[in-house]
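The values are calculated or read from the model by the stated rules, or taken from the named source; none is laboratory data. No experiment lies behind these values; they were computed from the predicted model shown. Virtual Cβ from ideal backbone geometry, glycine too; neighbours counted across all protein chains shown.
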Amino acid sequence: MDDFLAARSQMALSLGFHIVFSCIGMVMPFFMALSHYKWLKTNDEVYKNLTKAWSKGVAIFFATGAVSGTMLSFELGLLWPKFMEHAGPIFGMPFSLEGTAFFIEAIALGFFLYGWNKLNKWFHWFTGMVVGVSGLASGILVVAANAWMNSPAGFDFVGGKYLNIDPIQAMFNKAWFSQALHMCLAAFTATGFAVAGVHALMILRNRNKLFHLKAFKIAATFACIGALLQPLSGDLSAKDVAKRQPAKLAAMEALYHTEKPAPLLIGGIVNEEDRTVKGAIKIPGALSFLAHGDFKAEVKGLDQIPKNEQPPVAITHYAFQIMVGLGTFMMLISVLYFFNLFRKKSFADKPWLLKLFVFAIPLGYIALEAGWVVTEVGRQPWIIYGIMRTKDAVTPMPGIAYSFYIFSAIYFSLSIVVTFLLYRQIKMVPVVYDQPVEVK
Amino acid sequence: MEYVVITFLCLGILLYFLLGGADFGAGIIELFTSTKNRSRTRKTMYQAIGPVWEANHMWLIIAIVILFVGFPHIYTTMSVYLHIPLLIMLIGIIARGTAFVFRHYDAIKDDMQWLYNRIFRYSSFVTPFFLGIIAGSVISGHIDTEAKDFLSAYVYSWLNWFSIAVGLFTVSLCGFLAAVYLIGETDNEDDKRRFIKKAEYMNISAVAFGAMVFIAAQFDNIPLIDWVFKNTVGLTAIILASLSLFLLWYLLLKGKTKVLRILAGFQVTMILVAISYAHFPNFIRLKNGDAISLFETVGPPKTIYSLGLALLLGSVLILPFLGYLFYKFQKKEE
Ligand code: HDD
Ligand code: HEM
Ligand code: HEM
């Protein structure tokens, strides 16, 4: 494996790993806070137990998220020193604010996890909310930094020099809003479906129904709100991409030739050699509408992009199809869910719906990873779009392949251990939380 | 604003050394505790650092972010030439953080505990060791930006006697900080006596490794003695550190915990000041005799301005909250 490929793979692996844990860290505190709130309001012990059970999961995920994030802040330099040398001062603003957000998050988590019976109960609840809000804030900030790579701003690039640097302008670049919105919704959707699915499985198996039904309802409601809004925000993102990165849009849709009006492709096999797509369903004019809000508009194809500035088409296209396909599917589940919720039917009597949720456990995360592949691979060959090429940014140190192997092994074993721990947590729920509720 | 940013950078490094160091040290203490007392040590330790460990490690992230935003040239030079020790340190951080949390939150306590404990203890040793190596290498003048071959560019930059001695010195300081911290965290007289013993051993080994650092510096032609003794600030700092050593032993024997903690922190701070003051603001010394200075490589003015503002704002939000966290959980359970 050559060093450049190894560096790219290691970066992708580390980020793909971190994102799973950071999304949980962003979203689960809100689930807990809601359940905690219900406990404080109703005094129903089940909600207290639920909050505690979830908080143990969060502690495990949080630690994994924190160490993998620490890893990332070094990895940017270890793998892409030339990039960081120039980009650091420009896109560093969100990172420095993020540092503050993390810090607050870590402190609040200390209070929340160890504060049972020690703090005023509403202050305790409040610390839980702080964990969530600062987690969400750090997610938004780091995505703003990534958005800068897609849509560089806040400096003048003159003769290879980066002049007139303005980090605030860099932070509020053109892509930050659409990306951050889409990312936050994705975090709620992915984590919500994963959590709801696990509890649905437990209901189907007839374990602690009371406990799991309450858990399911909280998680599924968050997930389904996210899933309903996601396509809207995705549409916003697509229009944005069409404006700022036509090459990425063309790769997402495998649009080799400029067309007016342009059709939307569903499915299809991409042949990168003869630049064709076979077996796709075409919806005439739909791409023109998605990209520009007009069924007749022209959409730039890859033929208008210089050869050495075209991203890999097949990966980007497939990843986009996966994301949109899964997004549509989860949206349909959400419609069914809300339909049943408003008819006030008990979910325990709807095994088919619960089964759908069990099936959907990994789907949100798959969509999330696919979405990032679209964004990141679609930006290639640039690391800073239009300014610096990825291959010019890589570290001069040889032997990166070994570090890639080591990290693959670490992430692989961590994933196994975390899964194992979670399995045990769930297995122990009946033992720890199923004692008869004392009547006071 | 430059000064604000640099102050925060130094503060970040110092606090990571003190708080994160005590945190690593707890694992080192566990490593050197006899098997029969381990589970009790572990319990005290968990109560002491459980709520704060996450926050302790944030100082590292703050320092790194300041480096890559404000001093990108320093950050990238370190990440290129010290790639290997940084990588090992990172693996240590990952292994340690996760093992610490996993062993506590595993719902079933069985043989897996054995594994978590092992990983936790060894990585508690390896991480500060490499942290010390990195710190040593930065000032050792072995980083060679003109090197042509792999070994001299990426290996000898950190693999030398001086860096290794600094690494060992760091480990013993961490153990010392932790032992002192733990004395105040237990009510059990027996445990208290054990931690006092540990603090004594760690202190002795710190002095020994400290001497080794000076000897290694002679071998590697590093003017450490000049830095420390030919400079008033360095000299004062080292004298204060040595004087506090006596006071420290006295307090240790008396078991006065709160003052002891402050004194131990003070001592370590003085050591850091003594080593770094003489070549401040130079941050990295290079093989060819040049140095990379904080002031010369500082980022563009607007960046530094907003970074400084962010740090000031952040500390207004963070410090009271953090202080309350320490306050709330420092008191032992009734
Ligand atoms: C649960 C996850 C999930 C789901 C269901 C969707 N997405 Fe997505 N998508 C993401 C998760 C995601 C992401 C991982 O969060 C990305 C990567 C970068 C970003 O900002 O969000 C993303 C990026 C992304 C981009 C590229 C943005 C850019 O490069 O700036 C577009 C155009 C879309 N999405 C469009 C959609 C559409 C039309 C969807 C319709 C259903 C959709 N996404 C569902
Ligand atoms: C968590 C979600 C993310 C995932 C899954 C992800 C995935 C990837 C992938 C697949 C690549 C390799 C692209 C290629 O070489 O073809 C990559 C590269 C990279 N990503 Fe991301 N990314 C994520 C978020 C981010 C964020 C938030 C940042 C920065 C703030 C970032 C910075 C980079 C950098 C610097 C590279 C290397 C250079 C490059 O290949 O362009 N990524 N990432
Ligand atoms: C899309 C990508 C990313 C998102 C959404 C994200 C979000 C988060 C969140 C919410 C946390 C809090 C930890 C938790 O709750 O589990 C976290 C942790 C962390 N992230 Fe990321 N992050 C992303 C990418 C990155 C990148 C590219 C870096 C580094 C340059 C980074 C550095 C960190 C660090 C240092 C931590 C640890 C902070 C702590 O100890 O709490 N993250 N991330």
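Determine whether B:SER140 is under 20 Å from A:PHE74 (Cβ atoms), at pLDDT below 80 and not β-branched (Val, Ile, Thr). If you could, list the steps in order and put the result at the bottom.
Numbers: under 20 Å from A:PHE74 (Cβ atoms): no; at pLDDT below 80: yes; not β-branched (Val, Ile, Thr): yes.
Criteria not met by B:SER140.
With A:TRP176, A:TRP148, A:TRP122 as the choices, which residue is in contact (Cβ under 8 Å) with a residue 24 or more places away in the chain and away from ligand 1 (no atom under 16 Å from the Cβ)? I'd like the intermediate steps shown before the answer.
Working: A:TRP176 fails: away from ligand 1 (no atom under 16 Å from the Cβ); A:TRP148 fails: away from ligand 1 (no atom under 16 Å from the Cβ).
When all the criteria are applied, what remains is A:TRP122.
Right, B:LEU115: without any contact (Cβ under 8 Å) to a residue 60 or more places away in the chain, within 11 Å of another protein chain (Cβ to nearest Cβ) and surrounded by 20 or more Cβ atoms within 10 Å (Cβ to Cβ) or not? Before you say what the answer is, go through the steps one by one.
Numbers: without any contact (Cβ under 8 Å) to a residue 60 or more places away in the chain: yes; within 11 Å of another protein chain (Cβ to nearest Cβ): yes; surrounded by 20 or more Cβ atoms within 10 Å (Cβ to Cβ): no.
Answer is no for this residue.
So that you can scan it fast, the table gives a plain yes or no per residue for (1) under 30 Å from A:HIS36 (Cα atoms); (2) buried (at least 24 other Cβ atoms within 10 Å of the Cβ); (3) without any contact (Cβ under 8 Å) to a residue 24 or more places away in the chain:
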site: A:LEU213; (1), (2), (3): yes, no, no
site: A:ALA219; (1), (2), (3): yes, yes, no
site: A:ALA223; (1), (2), (3): yes, yes, no
site: A:GLN230; (1), (2), (3): yes, yes, no
site: A:ALA242; (1), (2), (3): no, no, no
site: A:ALA251; (1), (2), (3): no, yes, no
site: A:GLU259; (1), (2), (3): no, no, no
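May I ask you to list the residues in the stretch B:170-215 that are part of a loop (DSSP other than H, G, I, E, B), over 16 Å from B:LYS254 (Cβ atoms) and in contact with a Ser or Thr (Cβ under 9 Å, 6 or more places away or on another chain)?
Here is the first cut: in the stretch B:170-215, the ones part of a loop (DSSP other than H, G, I, E, B) are B:184-188.
This time we only want the ones that are over 16 Å from B:LYS254 (Cβ atoms), so: B:185-188.
Correct list: B:GLU185, B:THR186, B:ASN188.
Can you name the residue in the stretch A:368-403 that is more than 11 Å from chain B (Cβ to nearest Cβ) and among the aromatic types (Phe, Trp, Tyr) and, of all such residues, is nearest to ligand 3 (Cβ to nearest atom)?
My answer is A:TRP372.
Does A:SER22 satisfy the criteria of being assigned to a helix (DSSP H, G or I) and either in contact with a His (Cβ under 6 Å, 6 or more places away or on another chain) or away from ligand 2 (no atom under 16 Å from the Cβ) (or both)? If you could, list the steps in order and put the result at the bottom.
Values: assigned to a helix (DSSP H, G or I): yes; either in contact with a His (Cβ under 6 Å, 6 or more places away or on another chain) or away from ligand 2 (no atom under 16 Å from the Cβ) (or both): no.
Considered against the rule, which asks whether it is assigned to a helix (DSSP H, G or I) and either in contact with a His (Cβ under 6 Å, 6 or more places away or on another chain) or away from ligand 2 (no atom under 16 Å from the Cβ) (or both), A:SER22 comes out as no.
Among the residues of the stretch A:101-132, count how many are within 11 Å of ligand 3 (Cβ to nearest atom) and of a type outside the set (Gly, Ala, Ser).
Of the residues in that region, 7 qualify.
Here is a check on your reading of the model: is A:VAL377 farther than 30 Å from A:ALA219 by Cβ, under 16 Å from the mean Cα position of the chain (by Cα) and within 16 Å of ligand 2 (Cβ to nearest atom)? Please lay out each step first, then the result.
Details: farther than 30 Å from A:ALA219 by Cβ: yes; under 16 Å from the mean Cα position of the chain (by Cα): yes; within 16 Å of ligand 2 (Cβ to nearest atom): yes.
When the stated conditions are applied, A:VAL377 passes them.
Among the numbered criteria (1) surrounded by 14 or more Cβ atoms within 10 Å (Cβ to Cβ); (2) modelled with pLDDT of 70 or more, which one does B:LEU253 miss?
Condition (1) is where B:LEU253 drops out.
Go through (1) buried (at least 18 other Cβ atoms within 10 Å of the Cβ); (2) in contact with an Asp or Glu (Cβ under 6 Å, 6 or more places away or on another chain); (3) within 14 Å of another protein chain (Cβ to nearest Cβ) one by one and return the number of the condition A:ASN164 breaks.
A:ASN164 satisfies all of (1) buried (at least 18 other Cβ atoms within 10 Å of the Cβ); (2) in contact with an Asp or Glu (Cβ under 6 Å, 6 or more places away or on another chain); (3) within 14 Å of another protein chain (Cβ to nearest Cβ) except (1).
Tell me, please, whether a residue that is more than 16 Å from ligand 2 (Cβ to nearest atom), assigned to a helix (DSSP H, G or I), surrounded by 20 or more Cβ atoms within 10 Å (Cβ to Cβ) and under 19 Å from the mean Cα position of the chain (by Cα) can be found in the stretch A:39-52.
Scanning the stretch A:39-52 turns up no residue that is more than 16 Å from ligand 2 (Cβ to nearest atom), assigned to a helix (DSSP H, G or I), surrounded by 20 or more Cβ atoms within 10 Å (Cβ to Cβ) and under 19 Å from the mean Cα position of the chain (by Cα).
Which residue pairs have Cβ atoms closer than 6 Å, lie 6 or more positions apart in sequence or on different chains, and pair a first residue in the stretch A:6-19 that is away from chain B (no Cβ under 13 Å) with a second residue that is within 13 Å of ligand 3 (Cβ to nearest atom) and assigned to a helix (DSSP H, G or I)?
A:MET11/A:LEU79; A:GLY16/A:GLU369
A:GLU85 is checked against (1) surrounded by fewer than 23 Cβ atoms within 10 Å (Cβ to Cβ); (2) at the interface with another protein chain (Cβ under 7 Å from one of its Cβ atoms); (3) within 14 Å of ligand 3 (Cβ to nearest atom); (4) over 20 Å from the mean Cα position of the chain (by Cα) and fails just one. What number does that condition carry?
Single failed check for A:GLU85: (3).
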